[in-house]
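Some notes on the structure that comes next.
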Amino acid sequence: MTQQHSTGRYAKLFTRLEANQEGAFVPFVVLGDPGFEASYNILVTLIENGADALELGIPFSDPLADGPEIQTAVLRAFAGGINVEKSFELIRRIRQNYPNIPIGLLMYSNLVQKNGIDHFYRRAEAAGVDSVLVADAPLREYAEFMKAAEAHNIDPIFICPPNATPEMLEKIAELGAGYTYLVTRAGVTGVDQALTTDVAVRVNELTKVGAPPAIQGFGISTPEQAAFYIQSGVKGVISGSAIVRIIRENLTDEAVRISKLGEFVRTMKAATKFKQSA
């Protein structure tokens, strides 16, 4: 599966970043938050200030796994009139203007299934989406999502949880493409030696079985955390709540919102750059 996507946008991104000795910085935002045009301007700001890829959420009325910050963003997006069609329209506009940036969707199965799984993936492909992660779909129930992903040239992304078994790692390597969404244990501090070992060991395990490159998908809100994970061996970091918080704190002044988002992305991107030891 991974070989099938070896010429995709994610593969090209990781090749470029490796040559430059950088990790990927991937911001997550909820599409349509706090409004359609405001959301488009936010996406442009993220890209122009150094985002290597985008991870996007289409608002759903029952975001089971989201924390309070993301749930509030979903409510703001709904208040701004967002829906699935408008979400794909935002993605289309970004894709037209930024043909090379990888775009991923982080979804819940109910929304993907609502009008048919194949229908959703077809629309995603038409909009220019590269990957779909269905957060609440267990591996054993993924066959239909896989079928649609393959039919529409979408990379299926899998979560690698802290308690992943060797069998699960093998399955992620067999089925996954694009990248692997890594979740290591909570309680992240830059000086936690046990965590350093956890991350490095898990990345090594994923590499050994041939899984797609690991991106840390949880708990990243500071440059120190980003640098810690990159130096521990992951190929990138996703940051969501910290970005959504900046949006929430600057709802009334778009100029300030854009300025603060740009500054945050530049700082986080700088933290992904490193010189490998000789």
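Read the figures in this text as sums done on the coordinates, not as results from a lab. These numbers come from a predicted model, not from an experiment. Cβ atoms come from the backbone with ideal geometry, glycine included; neighbour counts cover every protein chain shown.
Along each of the three principal axes of the Cα atoms of region 79-184, give the extent in whole Å, ordering the values from largest to smallest.
Principal extents (largest minus smallest coordinate, Cα): 41, 30, 29 Å.
So if each residue of separation counts as 0.36 nm, and I subtract the Cα-Cα distance between residue 12 and residue 146, what length gain in nm does that give?
Computed gain between residue 12 and residue 146 is 46.0 nm.
On a full-extension model of 0.36 nm per residue, what is the gain between residue 209 and residue 136, subtracting their alpha-carbon distance, rounded to one decimal in nm?
23.9 nm
Grab the eigenvalues of the alpha-carbon gyration tensor for the chain, scale each by 5, take roots, and send me the semi-axes largest first in whole angstrom.
One finds semi-axes of 26, 23, 17 Å for the chain.
Do any chymotrypsin sites (Phe, Trp or Tyr not before Pro) in region 229-278 lie in a DSSP loop with no more than 16 other beta carbon atoms within 10 Å, and if so, which?
Taking region 229-278 and a limit of 16 other Cβ atoms within 10 Å, the loop chymotrypsin sites (Phe, Trp or Tyr not before Pro) found are 274.
Using a 10 Å cut-off on Cβ atoms, rank the peptides 252-261, 154-163 from the highest mean neighbour count down.
154-163, 252-261
Under a GNM of the chain (C-alpha, springs under 10 Å), which listed residue has the highest mean-square fluctuation: 137, 177, 164?
164
Considering lysine pairs in the chain that are 8 or more places apart or on different chains, how many have Cα atoms under 28 Å apart?
Taking the Cα cut-off of 28 Å, the pair count is 28.
What are the ³J(HN,Hα) values, in whole Hz, obtained from phi via the Karplus relation 6.51 cos²θ - 1.76 cosθ + 1.60 with θ = phi - 60°, for each residue of region 36-50 in sequence order, with x given for Gly and Pro?
Computed from phi, the couplings for region 36-50 are 4, 5, 4, 5, 4, 4, 5, 4, 4, 4, 4, 5, 5, 9, x Hz.
Determine, from the Cβ-Cβ distance of residue 100 and residue 75 and an R0 of 41 Å, the FRET efficiency 1/(1 + (r/R0)^6), rounded to the nearest 0.05.
According to the calculation, E is roughly 0.80.
Assuming R0 = 41 Å, can you tell me the calculated FRET efficiency for the pair residue 252 and residue 119, based on Cβ-Cβ distance, to the nearest 0.05?
The value I calculate is 0.60.
What FRET efficiency comes out for the pair residue 201/residue 37, r = Cβ-Cβ distance, R0 = 41 Å, nearest 0.05?
Result of the calculation: an efficiency of 0.35.
Once you wrap a convex hull around the alpha carbon atoms of region 1-115, what is its projected area averaged over all directions, in nm²?
Dividing the Cα hull surface by four gives the mean projection, 8.2 nm².
Post the alpha-carbon centroid distance, region 81-116 to region 134-178, in whole angstrom.
19 Å
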